[in-house]
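The values are calculated or read from the model by the stated rules, or taken from the named source; none is laboratory data. Note that the structure is predicted; figures quoted are calculated from it, not measured. As a convention, Cβ positions derive from the backbone with ideal geometry for all residues, glycine included, and neighbour counts pool all protein chains shown. Surface accessibility is based on the protein's heavy atoms, side chains included, excluding ligands, DNA and RNA. Shrake-Rupley method; radii C 1.70, N 1.55, O 1.52, S 1.80 Å.
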Amino acid sequence: MSDNIACSHCNLEFSQSVMIEDGEHFFCCNGCKGVFHLLSDSGLESFYTKAGSTTLTPPTKQYENSSNFNSKAFYSKFVRVNSDGFSEVSLIIEGIHCSACVWLNEKVLHKMDGVIEATINYTNNKAIIVWADSVIKLSEIIDMVRAIGYNAFPYDATLQEAHANKERKEYYLRMAVAIFASMNIMWIAIAQYAGYFTGITQEIKTILNLAEWFLATPVLFYSGWVFFRGSYFGLKNHVVNMDLLVATGASLTYVYSIYITLLEQGEAYFDSVSMIITFVLIGKFLEILSKKNVADTLDILGNHLPSEINIIKEGQIVSCKLTDVLVDDIVVVSSGERVLIDGEIIKGSGSFDESNLTGESEPIYKSVGEHVISGTISIDADIHFRATKDFEHSTLSNLVSLLETAINKKPKIQQMANRLSEHFSTTILALSFVTFIVWWAWPHSFETSLMIGISVIVIACPCALALATPVATLVGLSLGAKKGILFKEAAQLETMAKVDTLVLDKTGTLTLGKPEVLKEHIYEEFDKKLLFSLVKSSKHPVACGIYKYINESNTNQEGIILDEYTQVPACGISAKYMGLELLGGNLKLMQNNNIEVDYSNENTIFYFAIDNRVVAIYELSDTIKSNAKEMVANLKNRGIEIIMLTGDNAHIAQKVATEVGIELYMSEQTPQDKLAYIEKLQEQKRTIVMVGDGVNDILALARADIGIVMGSGSDIAVDIGDVVLLNDSLQSLEDAFKISRTTYQLIKQNLGISLLYNAVTIPLAMAGYIIPLIAAISMSLSSLLVVGNSMRIKIKWTKG
């Protein structure tokens, strides 16, 4: 008696020992398992009742075992856990070539239990998938992608080029066949057209039609296979896509031409079959090249990273994996090498190229005690530095991760375009059918009516509509990355383009954020170690200025351990040491602790008190950034109202505001005050950008429509901000507005081009003024026009 059991999907029988068990079901392969779950999740279980005992053909294409995606090695390299505790991975979805493919994959994945988010960027086929690992395994997600006719592999910038080359090679081969056959068909067509005017026998005409039939067949079924494949998986999942339009138009023309050839009457249109496939295929190929050129810029930060790094261990320089470097390890970098991990220089000095991160073309000289940033290149420096972060948390790794996230977050205008394109192809097929019926009933010949109906199908282009937003958005993100402007989500480009109010912090935003001590007033002798230790752990610019001053005045100054160390937002610092109460900060901190002081002027004042007695006062002054006044004037000219909020006193606030040209400002603002002010503006229906860099700005940054953070700001502010200016430049702030507005304008232009193209060409095709050949050319050109218009950002943004 046989112990074989039937696959729950295809009904083929195999030994139970080789079957994949899934509850009460058994499958011969992961392909059958994926299809079974797809049908079940879609509510189509009745398919198996109708199929009965019929044996189905299981998926034949062999992929790498999906269980490998669940391995610890894979998780450690490609999967990360986000702040909500869910698993997240970046994948490349192979086989996507139209917007409907993106929609299909996203829809199917969202229907799976445990999948929290699945977003796919059409321009580079990169997917970000977030799932609950306790509910569903990554291998099941991969199986689902494969079940609907696609494949997935982990995104790796170093491997992406190989996959891109593979895709281009496939298109090369298909195009070569299509172009070769089409050229020969055109020679035959010339003979037919000449015979039409000079006379040709039906026998010769039939021979020429047979030759065209022979040449058009590989074009349709080999070169055009991508369209048939896309149509099949689209219909299988109830999606009418662009592939179906192309496949339907070409197939109807092909079948009709065979009918004409066999009956030896009328005109065959094998040349149109060949040209439809050839021109659309060429258009798709050029589209792929254009999208890749745009996406390559965003991969530049992560590309070509070496897998090993040199560190000092037991007095020897040894190589280890980049991911094995720990905080406090000593890293060795030679001239010409890239810095891969953030750290503090402990030996050596030299110049560094930071242009990849900040857009700053001039080399930056750094020496012992200064920090180096991952992603920069050592020009002439041979240094040793102490790692302050591991690679996973390094600046370079975070930037790459943020860029990957940004290009997968769709703006609202793109979501609208996607919803419109979902129903586009169905509408076109309906219009084509109505056109055919009307022309045939007019009455016209079946041949004329069919050709006009096919022209309507072929000329319509949902791809131009689908490409309108993502390509322009990706170019905008790319340009921002080159200029040291990091948009964390693509949607922020759209929001920022609509901003009417800019709220600025003062210190570190309008000023350099590096105040220097001008005067020191000592009222009672005290141990400088107390003040030195109080300001040492603070990142506030004023505290840093005091720390620098004391450190330079007392080169051998040592710190002490303080108790109950507390930073008071917008006020200062408090601590205790051996029964002494220490306070350091502004006038507000003194007043809150009932300490009377009567010293004030237009400079920044830092008071230091011990046991409620002011023992020292320091006057500091910060330098306003060189182009602050010009930036404020330019943004005002764009119709943006500018407001300054600062924790400093009214004298300093007025001085800075007057110098840079800001009329509306608020002084002595606590974090809560700044938040309340932002909320008040939003009640007035304002769209607000908040720019800051410190912990005291985080509430306002989080509440504003867009929070922009200076790259040198506190870690928590950088985490909360929506946009990061890596080079701290106000020129970058102005550029961010310029890029976002230009990108949004071009998105609207692209949508206009796409809608206008279809509004003009579809009625012309329905009226019988366009033949299928011209329709195919027009369809391809419309997509290329949208891509080309998007590339204009690189020129247009400089003009403002």
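List of remarks:
- Taking Cα centre as origin and charging only the Cβ of basic (Lys, Arg, +1) and acidic (Asp, Glu, -1) residues, the dipole magnitude of the stretch 589-650 rounds to 380 debye.
- Ile640-Thr427 FRET efficiency (beta carbon distance; Förster radius 35 Å; 0.05 resolution): 0.30
- Each label point was placed 7 Å from the Cα along the Cα-to-Cβ direction; for Val318 and Ser626 their separation is 4.7 nm.
- Split the accessible area of the stretch 484-537 by element, probe 1.4 Å, and carbon with sulfur accounts for 44%.
- Accessible area ranking (1.4 Å probe, heavy atoms, ligands and nucleic acids excluded), largest first, for Arg338, Arg613: Arg613, Arg338.
- In Hz, Karplus ³J(HN,Hα) per residue of the stretch 433-443 (6.51, -1.76, 1.60; θ = phi - 60°; x = Gly, Pro): 5, 4, 4, 4, 5, 4, 5, 5, 7, 4, x
- Label-zone membership for the stretch 537-555, site Ile561, 7 angstrom Cα→C-beta point, backbone N under 12 Å: none
- Solvent-accessible heavy-atom area per residue, rounded to whole Å², over the stretch 427-528 at 1.4 Å: 35 Å²
- The shape of the stretch 432-551 comes out prolate: with a ≥ b ≥ c from the C-alpha gyration tensor, a/c is at least 1.5 and a/b beats b/c.
- Gain upon complete extension [Tyr259, Met186; 0.36 nm per residue less C-alpha separation]: 24.2 nm
- When the P(r) is computed for the stretch 496-541, the part past 16 Å accounts for 65% of the Cα-Cα pairs.
- In this structure the stretch 535-575 gives 59 Å² per residue of accessible area when probed at 1.4 Å with all protein chains present.
- Inter-label distance, His110 to Glu679: 3.3 nm, where each label sits 7 Å from its Cα along the C-beta direction.
- With every protein chain in place, the stretch 181-268: carbon and sulfur % of accessible area (1.4 Å): 73 percent
- Residue-wise HN-Hα coupling along the stretch 79-96, computed from phi with Karplus coefficients 6.51, -1.76, 1.60 (Hz; x: Gly, Pro): 9, 10, 9, 7, 5, 8, x, 8, 7, 9, 9, 9, 10, 9, 8, 8, x, 7
- Within the assembled protein chains, the solvent-accessible surface assigned to Tyr599 is about 60 Å², based on a 1.4 Å probe.
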